[in-house]
Every structure is written in C-alpha cells, then in structure tokens.
Amino acid sequence: MTTAGRREGLMTDAEEFCHHLDQVEATEPGGEGCEECLEIGQHWVHLRMCMICGHIGCCDDSPGRHATGHFDVTGHPLIQSFEPGEDWWWCFVDEFAFAVDGVPSFHHR
C-alpha cells in the first residue's frame, strides 16, 4: 500500500486527537523483529512499527522498551502494533490510541 493510500484511510475522529497523521511515511516494516533486541540477543514481548520510518521496536512490557526508545531518540510520534490481528495505533506525543480504517494488521514470523 502506498503512503497516500494509508493517509486516505485515516479516521477523521483520530485527526481530532492526534496531530501527527500527516507525518505517516512507512509502508513496509524495517524487519521481522525488534532491531535492537536482535542485535543484543534480548527477548521481547510484543512488537511495534514506527509509521514514520518502519523501525520495528519492542513494547514497553519488554525489557528494552525499544519502540519508546526510538521515539525518544527520533521524535517519530506514531506506531502501529506489529502483532498479527492487531491494527491499533499509538501517538506518543498526543498520548492517544486509535484505529485506522482500511489498514490491515501486520504479519511476521
């Protein structure tokens, strides 16, 4: 799916509470697992994808909290769950969770 396709599917209600949807760029994940955990041999609980650059990081229940760490370093505000069957998004800046119409969940190994 193209970036334009993702933007067209964004929920109008989400735009009221999250002011960063115009930054969505990522259409493909950067990997199959948390990039930092894979480098250091650490485990993760759940995965999140940065919707700006495609970085895959682990959730805050994981020891490394690398998705949040990626936000802290880059300022990229939006993630989507990278768990099969989950399609929710989170905006770190606006502290708002939401779903996006027409955007499928990701599948990884």
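The values are calculated or read from the model by the stated rules, or taken from the named source; none is laboratory data. Remember, predicted model here, so these are calculated numbers, not experimental data. Cβ coordinates were reconstructed from backbone atoms using ideal geometry, including for glycine residues, and neighbour counts include every protein chain displayed.
When residues in the stretch 65-91 are screened for being modelled with pLDDT of 95 or more, on the phi < 0 side of the Ramachandran plot and surrounded by fewer than 19 Cβ atoms within 10 Å (Cβ to Cβ), 5 of them pass. Of a type in the set (Lys, Arg) and closer than 14 Å to Glu83 by Cα: is that true of Arg65 in this structure? Judged against the criteria, Arg65 is not a match. Note on the stretch 9-51: among residues that are β-branched (Val, Ile, Thr) and outside any loop (DSSP other than H, G, I, E, B), the one that is modelled with the highest pLDDT is Ile40. Return the residues of the stretch 15-54 that are over 17 Å from His76 (Cα atoms) and in contact with a Ser or Thr (Cβ under 9 Å, 6 or more places away or on another chain); say none if nothing qualifies. Within the stretch 15-54, Cys37, Gln42, His43, Trp44, Val45, His46 qualify. Taking each residue of the stretch 23-37 that is farther than 20 Å from Arg65 by Cα and looking for partners that are among the hydroxyl-bearing types (Ser, Thr, Tyr) and part of a loop (DSSP other than H, G, I, E, B) with beta-carbon atoms closer than 8 Å, six or more apart or interchain, yields Thr27/Thr2.
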